[in-house]
Structure formats: structure tokens, C-alpha cells
């Protein structure tokens, strides 16, 4: 990490409403200055009462200043808080934009629960500081300085006795603030771990239930929860010291003023009204002092939370390229030229070269872990290629505008990814135009999912639950296929596209896929012989290398491992 304040780094990214900031500061200054006049006029009123000569103009002036202070302070505080809310909104929006555009490798290494904690819990800490604590700094500073100045003006001798206590207070607060900052950072880390555990368990609750692992998961979380509990106790102890300490110092200061001030009033050095005014100013000092003492601790907490967000900002985002970078013509061959790729230190694809012809069907087969799904990820540009290049026609796919390239591709995943929402939401997910009911009906019939959708009470507007839990595996797969029909892509990636279907559904889906494949570049991963038997080209992958290529008949005759796969029904009819 660079030697840079992470909180300031985040604040630099904010588009500040400059006019509002100026107006808020101006009103806060006026509010604080008018507040400084209230004790002074209170003292004058007391002296007036003592003289039995009540001046109504003084009373009305006092009321006017009091109301002006209340109104100006209220408006100023609101504007400063609004600026704080705008700031945290900007931080969250820009963090989410950065996060969602990060490379896929980042999400492979970080648990979703921990990332959610950074966006919600960490930004909440920063939000508390920016919207509540930071706006009070300027008014508190003005009140603190102004009150001390007024105290010196009223009676410098008595003021000197009271301000001698402040260095002691500050000397105690600085080390406490540093300790609070460390505790806060550790707390945020533990909360992030807990969120990560929650995210992992809640997304795989069915596995937890069927393996009766509830007790084991509770034990795993107990350590983290105890850590959060103990850190919370440490923070509570520090706050338990700060709050009474502030009260003791304030009580001691008031006692000194009353004791020493009483002597000076009796000697005629100051009036009773001056003593009352000084007590008011001392009481007025308590809020800024307490505010500053808590400000230091909250600042440390905000910096600690910012560090974790700062780390996300250091991650590289996907390179989208310019909107003008589009291929001159569509329907081009896809060519791999000496492509190598691996995850961490494990090589998956080794110096691979092949051509996928436009408008034809290319099927990849091979044992598990041979790199078939990885090739799909590379075509989708989910991971950067370590060596070599993939061409679309004569142009590297890395040079094509990322959004345009991915819009050209229809990807039916083996996992049948579903978003929480309705069936309609999932059918049209990623399609940047309005889709009519007629279009939905047409393509869901082609994908053989229209009938079961209509059996639901709300049809296309049926909620499917998180990750489509209310649907069977086969139903999710048919909706996934229907989504590709609606997208109408130039390139089709079919990853086990008929794996979860019964024989009858598979027959109809295969007919629909055959229709969809016409005049499209189709790349298939399958363990069903019927899916790939008619492919124009079959490529056998083994440990990231091509060991055979040709038609089904070619490989049956020339490739021992392919023939063994077929004979042992690893590839089934």
C-alpha cells in the first residue's frame, strides 16, 4: 500500500457540491458566532436584573440572537449533513462501479460476503464520520476558540486557571484515540470474516442441511463472534474512560470558576453577570471538547475502514476499450494462436493453436480438467491471456470493445446461473431492449419451457427465488437456453447445454438448438454423443493440449482415447 491516507484518497474521488459547501460553512460560522453572543447577553441581562432596571430592548435583542443562533446553526448543520450524505453516496456509487468492473480473477480470490461487508459495513463507518462527526468540526472549533477568547476578555486571570486543565485532557485523549483506531480496524476485519462465513453458508444452505453440518458451522463462527465481542468490550472500556473524564474535567472547571469567581464578585473585580456569562462559556466548551475527543477516535475508525476500500481501488478493472472499436465485418473465424493460460501457478492451457470456423459447429471433448470450460472463459474475455492471442477474423478480440464483443456471444452455462427475481427478468437479463410477450412466448416454446412457465400462477412474472431455487435443474437450463434464443447471438457457447434434461425434453431442445445454430458459430462442450456427433469439427483436449481434431468418424478411427471415451459411454447417446 502506498504511503497515502486512504480516507483522503476516497474523498478526492468525490464530486463536491462547492456552492453548498461554501453556504454551509458560512451559515455554520454565523451560527457559531451568534452562539458566542448568547452567554454575553445573558450576563448583561443578569446585571440588568440586579440593577432592578429591566431593559426590554436588551431582552428582545437577547431573544433575537438566541433565535438567530438556533436557525443558523440548524440550517448550517443540515447542509453539512447533506454534504456528508452526498459524499458517502458518491463513495458507494463509485466503489460499486469499480468493483463490478474488476477482473474475474479478483472475485475468484475474494468471498462475496467479505466484499459485501466492505461495501456496507465499511462505508457505514465512513458515513458516520462524514455525515455526523466531520460536519461538527468547524462549528465546534469556532465555539471552542470563541469561548476561550471571550473568557479571556471577561476575566483573563480566572480563565488562565481553567485552561491549564486542557493539556492534561489532551495528553490523555491522544493515546486513547490511537488505540481506538487500531481496535476499530481489527473490528472491521473480524466483521468482514463473519460476513464471509455468512455468505458462504447461506448460499449453500442445502449442502449444510443434508450433511448435518449446522454444528460445525456454528463452531467456526463462534471464534469470529468472540473476537468481535472482545474488541467491542475494549472499545467500550475506552469510551467508558473518555465520557466520565470529560465530565470530571468540566465539573472541575465549573467548580474553579464558581469558587474563584465568587471571591472576585465579592471583591467587586467582576460583576455577577460576568460570572454567569463565564459559566455559560465554560459549559459551552464541553460540547466541542467532547466532540473533538470523539472526533479523533471516529477519524481513526474511518481511516481503518477506508484502508480496506482503498485496497479494492488498487485492483485493475477490465479493459473495455473504445465504443468505436468494432469489427468491420461479422461472422468471422475465431483463431487461437499459441495461447497459454493458467490459474495462479497451475497451467491449464499450453501453447494451443486452433481455428473455429464461422457458421460451423465445433465441439470440445476430453477428460475433466482438460481446459474445455477455461477456453470458454478466454473467449468471453473473463481472464487475460498470458501468452498468444485469440483472433476474430484478423483482429485480436482484446482490441474489440468489450461490451460489443460479449453482446455477440450467447453463453448457456453448465451452472444455469439465475438472478433473484421473476422468470421474465431472467429471460431478458442482459438484453438491452424491450422484449414483448409475443417474443417471450415464441422463444420459450422453442426452448420447451413455455408450458411449465404457464403452470405457475403468475406465469412470466413468477418469482424464482435466490439463484432460481424454486425451479428444477432442467427448468433452469431451459430458461437459460431460452435467454440465448432471445439474445439472438452471432456466437453460441453451449456448456453441457442438455445435461439436466430428460430424454424427451432433450430431443426437443436439440431440435431447437439445431435451428438456433444455423448460420452461427457454435462451440459446444458436451458429454452426450448426440450433441456433438454432427459437429463439423471435434477437438479432443487432454491436459490443456490438443491431441486430436476432426469429425466423429475421423476420431473414432484415429484417436484411441476418443474411441475409448465412446466405447465406455463417457460420451453417451
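Once C-alpha pairs closer than 8 Å and six or more residues apart are averaged by separation and normalised to the residue number of the stretch 6-313, the relative contact order reads 33 percent. Residue 515 to residue 439: extension gain in nm, 0.36 nm per residue of separation minus the Cα-Cα distance? So the extension gain works out to 25.7 nm. By the compact-protein rule of thumb, 2.2 N^0.38 Å, the alpha-carbon radius of gyration of the stretch 290-434 corresponds to a ratio of 1.47. Label separation (residue 556 vs residue 116): 5.1 nm, computed from points 7 Å beyond Cα along the C-beta direction. Taking 0.36 nm per residue of sequence separation and removing the Cα-Cα distance, the residue 413/residue 222 pair yields an extension gain of 65.1 nm.
Each label point was placed 7 Å from the Cα along the Cα-to-Cβ direction; for residue 331 and residue 100 their separation is 3.5 nm.
Look at 458, 442 and count the other Cβ atoms within 10 Å of each Cβ; fewest to most, that gives 458, 442.
Quick one: Cα centre-to-centre distance for the stretch 187-224 and the stretch 115-130, in angstrom? So the separation of the two Cα centres works out to 21 Å. Taking the longest Cα principal axis of the chain as reference, the axis of helix 56-100 is set at about 20 degrees. Only beta bridges with both residues in the chain are counted; by DSSP, about 55 percent of them are antiparallel.
Using 0.36 nm per residue and subtracting the Cα-Cα separation, the extra length available between residue 182 and residue 470 on full extension is 99.2 nm. Annotation: the residues 313, 229, 450, 411, sorted from fewest to most other C-beta atoms within 10 Å of their own C-beta, follow the order 229, 313, 450, 411.
Cα centroid separation, the stretch 148-175 to the stretch 438-469: 74 Å. Shape analysis of the stretch 141-180 yields a ratio of the Cα radius of gyration to the Kirkwood radius, Rg/Rh, of 1.12. By the compact-protein rule of thumb, 2.2 N^0.38 Å, the alpha-carbon radius of gyration of the stretch 6-313 corresponds to a ratio of 1.31. If R0 is taken as 41 Å, the Cβ-Cβ distance between residue 152 and residue 9 corresponds to a FRET efficiency of 0.55. Rounded to the nearest 10 degrees, the inclination of helix 272-313 to the longest alpha-carbon principal axis of the chain is 20 degrees. Label zone (residue 396, point 7 Å along Cα-to-C-beta; backbone nitrogen cut-off 18 Å) within the stretch 342-361: 342, 351-354. Where a ≥ b ≥ c are the square roots of the eigenvalues of the C-alpha gyration tensor, would you call the stretch 66-183 rounded, which needs a/c under 1.5, or, failing that, prolate if a/b is larger than b/c, or oblate? The shape class here is oblate. Going by neighbour counts of Cβ atoms within 10 Å, the residues 564, 331 line up, fewest first, as 564, 331.
Counting only DSSP H runs of at least 4 residues, each contributing -39500 (n - 2.57), and dividing by the residue count of the chain, the helix-based mean residue ellipticity at 222 nm comes to -20500 deg cm²/dmol.
When every Cα-Cα distance of the chain is counted in 20 angstrom steps from zero, the calculated P(r) takes the values 16, 35, 25, 16, 8, 1, 0 percent. Approximating the spin labels as points 7 Å out from Cα along Cα→Cβ, the residue 203-to-residue 432 distance works out to 2.7 nm. Quick one: helix 137-163 against the long Cα principal axis of the chain, what's the angle to the nearest 10°, folded into 0 to 90? Helix 137-163 and the main axis of the chain meet at about 20 degrees.
Bear in mind these aren't lab numbers, they're just calculated from the coordinates by the rules spelled out. Just so it is clear, the model here is predicted, and its values are computed rather than measured. With ideal geometry, Cβ positions are generated from the backbone for all residues, glycine too; neighbour counts draw on all protein chains shown.
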